[in-house]
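In what follows, a structure is listed as structure tokens, so that the remarks can point back to it.
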Amino acid sequence: MYEIKINLAHKSYSIFIKNGLIDYIGKEIKKNYKNKKIAVITDINVEKFYGEKIMQQFKNDFEVKMITVKPGEKSKSLDTLEYLYNELLDFEITRGDLIIAFGGGVIGDITGFAAATLLRGIPFIQIPTSLLAQIDSSVGGKVAVNLSRGKNLVGNFYHPEAVFIDPILLRTLDKRFLYDGMAEVIKYGCIRDEKLFKSLLEYENEHELFNNIEEIIFRCCSIKKEIVEKDEKDTGERMLLNFGHTLGHAVEKYYNYEKYTHGEAVAIGMYNITKRSEDMGITEIGTVSLIKEILKKYNLPYELPNMDKSNNIKTIGLDKKNKGSYMNIVLLKKIGNGFIKKIKREDIEKYI
Ligand SMILES: NC(=O)c1ccc[n+]([C@@H]2O[C@H](COP(=O)([O-])OP(=O)(O)OC[C@H]3O[C@@H](n4cnc5c(N)ncnc54)[C@H](O)[C@@H]3O)[C@@H](O)[C@H]2O)c1
């Protein structure tokens, strides 16, 4: 079993990664948690595949309730949050009990936010089930819900007691979501891990990818751990994780979050910003063609769609992460070596 320890000034906890972990997750949780009640929050898709299995794990040792919401981003709303609060209160949950987020990033984010806020904080555990959640959203403590005027506008930093990752669960994930998550895996390779990037390029098929998925997840989580430990509250180095995201967000938003998944938009962002930075002599020649090759291999788009550029610039200029008249963008020196560049806001046009 891989174990990654996250050490923050105020809290430490572990991420465990192991194929088949779901089959003895009850025992693992019982080792450290003596709570009486467990509330498992999930969505209908995950419940369909694994609901019974996870309930079996807890039913002998805990009083357990499963709360299920509709799948998809629409569930990351204030309405769903209120529904969760009510279900948890009906269960008479206390601050001594435990909440488990069992699902993709949507479930992780909203469950984490509910846990952070209900009764001023209830301990929670992440059992992420999508690739994106296993390599990204379950690590780092960001929890949030959306408002109708924007994504993740209400949130907090609230870390789980532990994260348990079973890569076998990914076998039931829809292919589009698998490749969506692969975009973020590729991003880690681009910014910090040339070896990971090269092995992703070499895998001959999905079978080989799955044979190596435990290690891939371990490497991604290790990179995120290292960055989050240095910059938990996202005021500096954590920005590195946004490689491809500045333009990606603009693409997602332009198409009203309907045409492209987040990962697809990030793929377009990574390719296009690197194309520019390579032309400008900032990035080693040949980098963008490697990015194109890897994106094609994992069924991800790279071409910037025909969009109104001024709209992109406006969207990027209004990005809540940018401050003052300068902004930070993430570029590559080469594969495995990303860095943050501070640019004048008006210069963004050169990079997108
Ligand atoms: N907190 C963070 O740091 C952070 C980072 C990145 C993204 N996010 C958030 O994550 C969310 C996206 O996460 P996501 O891509 O996991 O979306 P998601 O939670 O909607 O899951 C994607 C789909 O896969 C299904 N699914 C999940 N696991 C499955 C499994 N094992 N088998 C079959 N189906 C399964 C879900 O039901 C859903 O339909 C966004 O809301 C985004 O804002 C948060």
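The values are calculated or read from the model by the stated rules, or taken from the named source; none is laboratory data. Predicted model only: the values in this text are computed from it and were never measured. Here the Cβ is made from the backbone with ideal geometry for all residues, glycine too, and neighbour counts use every protein chain on show. Heavy atoms of the whole protein, side chains included, go into the accessibility calculation; ligands, DNA and RNA do not. Shrake-Rupley method; radii C 1.70, N 1.55, O 1.52, S 1.80 Å.
Placing a pseudo-label 7 Å from each Cα along the Cα-to-Cβ vector at E346 and N7 gives an inter-label distance of 4.7 nm.
What you get for segment 2-172, charging only the Cβ of Lys and Arg (+1) and of Asp and Glu (-1), is a dipole of about 300 debye around the Cα centre. When the GluC sites (Glu not before Pro) in segment 1-92 are filtered for DSSP coil states and for at most 15 other beta-carbon atoms within 10 Å of their beta-carbon, the remaining sites are E92.
Computed over protein heavy atoms with a 1.4 Å probe, the accessible surface of the chain works out to 45 Å² per residue.
Each of S12, S325, I110 was placed along the dipole of the chain (beta-carbon charges, centred on the mean Cα), and the one lying farthest toward the positive end is S325. Compute the separation of the alpha-carbon centres of segment 204-225 and segment 131-154 and state it in Å as a whole number. Using only Cα atoms to place each centre, the spacing works out to 22 Å. P(r) tail for segment 253-336: Cα pairs beyond 18 Å make up 49% of the total.
Here the spin labels are modelled as points 7 Å beyond Cα on the Cα-Cβ line, and at E82 and K30 they lie 4.0 nm apart. Sparsely packed loop sites in segment 106-206 (the trypsin sites (Lys or Arg not before Pro) outside DSSP H, G, I, E and B with at most 15 other Cβ atoms within 10 Å) comprise R149. Based on the reciprocal of the average 1/r between different C-alpha atoms, the Kirkwood radius for segment 175-351 equals 16.4 Å. Here's the picture: charge each Lys and Arg Cβ at +1 and each Asp and Glu Cβ at -1 in the chain, and of F197, S130, V251 the one pushed furthest to the positive end of that dipole is V251.
Surface composition of the chain: carbon and sulfur atoms hold 47% of the protein heavy-atom accessible area at a 1.4 Å probe. With R₀ set to 22 Å, the beta-carbon distance separating N299 from E73 gives a calculated FRET efficiency near 0.60. Restricting the calculation to Cα atoms, every distinct pair contributes to the Kirkwood radius of the chain, found to be 20.8 Å. Applying a threshold of 24 Å to the alpha-carbon distances of K74/K233; K11/K142; K175/K198; K76/K253; K5/K253; K187/K333 flags K74/K233; K5/K253 as lying beyond it.
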